[in-house]
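Okay, so here's the structure we're looking at.
The values are calculated or read from the model by the stated rules, or taken from the named source; none is laboratory data. On a predicted model such as this, the values are computed, not experimentally measured, just so you know. When we count neighbours, we look across all protein chains shown, and the Cβ atoms used for this are built from the backbone with ideal geometry, even at glycine.
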């Protein structure tokens, strides 16, 4: 008879180590990149790093708590998560005392002097919801020739009906990059569940045309158009990309030394958040930047291993979605600093300054850990004596 055995949990243990290293690396990187800005704001040079450290300590509590909750519980709360995320996204756009506008964007809520971005929570909420519904629609019923996930009307449209309105709320903040990532994560979960590629192309094409014609602001259109221009020259690219590439190039193999970078001295805006990878490359060089990429690669590899051997389809899709949430965001951030994709405001998970992203990333990692700890396989059949 088949005997159920537990998978070795080395993947989960290694995931904990990698996550801890990334968080510690991030606190150090924020400290090195934010000192000048902190002093200019009238704060001590370590102010940003201390706030990040507080977020990391709170995040450690979140990880330990979430990792002990059976991941199947999140399936029962999936709809409530989407409702809460939508409510918070609406609150951001309303003229409420708790909604905050910074640099012309309305992306933050401030409660008890604590600011957070609802769009960060919304990404995790939509991944959980998409995994729940996709797992249901990927199961073929006895009276069906193919699973509903393979049909456009029954398999794709329900996801569009929920994802599009919430993505639109993020888009009008405005936050084009997060809205794009929000939809991309749903698409990755659907693809993992077996949806047809042609359906993605149809929905993606229509969404691109609608967003381009109705939602993009002038500076966003100009930024995208310049990037895809046939005669694009990095020498005439936008200031952030120029300074980012200059910083990366000046780092050489071993870098200028921790805290010795020049781009953070007012040349590269948001060197501690949106372009922190460039700061790392300048100060720690190719060696340090490659090591950081290797750690993210290991995180993605472990996440996909957990997804492949999850106890059920919901766990598999949820693990894949969470892995994509961390991995794709990291890849897009790095691609921006290298000038490979248009400039966005996506943070580098676990690294960039920002407690909202840090707490959500750590909470999502806790869920991934729980999936990893509950994996089972069936051992080969043994003859009874």
So if I check each of 99, 75, which one is in contact (Cβ under 8 Å) with a residue 60 or more places away in the chain and surrounded by 14 or more Cβ atoms within 10 Å (Cβ to Cβ)? 75
Inside segment 288-316, can you point out the residues that are in contact (Cβ under 8 Å) with a residue 12 or more places away in the chain and under 27 Å from residue 49 (Cβ atoms)? 288, 289, 292, 293, 295, 296, 298, 299, 300
I'd like to check something: does segment 216-238 contain any residue that is in a helix (DSSP H, G or I), surrounded by fewer than 17 Cβ atoms within 10 Å (Cβ to Cβ) and at pLDDT 75 or above? no
Taking the stated definitions as given, is residue 139 in contact with a strand residue (DSSP E or B) (Cβ under 6 Å, 6 or more places away or on another chain) and touching a residue at least 24 places away in the same chain (Cβ under 8 Å)? no
Exactly one of 268, 304 is out of contact with any strand residue (DSSP E or B) (no Cβ under 8 Å at 6 or more places or on another chain) and at pLDDT 90 or above, and that residue is 304
Only one residue in 20, 60 is in a helix (DSSP H, G or I), touching a residue at least 12 places away in the same chain (Cβ under 8 Å) and surrounded by 12 or more Cβ atoms within 10 Å (Cβ to Cβ). Which one? 60
Cβ-Cβ distance below 7 Å, separation of 6 or more or different chains: which pairs start in segment 30-47 with a residue that is outside any helix (DSSP H, G or I) and end on one that is surrounded by 12 or more Cβ atoms within 10 Å (Cβ to Cβ)? 44/38; 45/35; 45/38; 45/39; 46/31
Can we say residue 285 is in a helix (DSSP H, G or I), buried (at least 22 other Cβ atoms within 10 Å of the Cβ) and in contact (Cβ under 8 Å) with a residue 24 or more places away in the chain? no
Which numbered condition residue 8 misses (of (1) closer than 30 Å to residue 131 by Cα; (2) at pLDDT below 85; (3) buried (at least 17 other Cβ atoms within 10 Å of the Cβ)): (3)
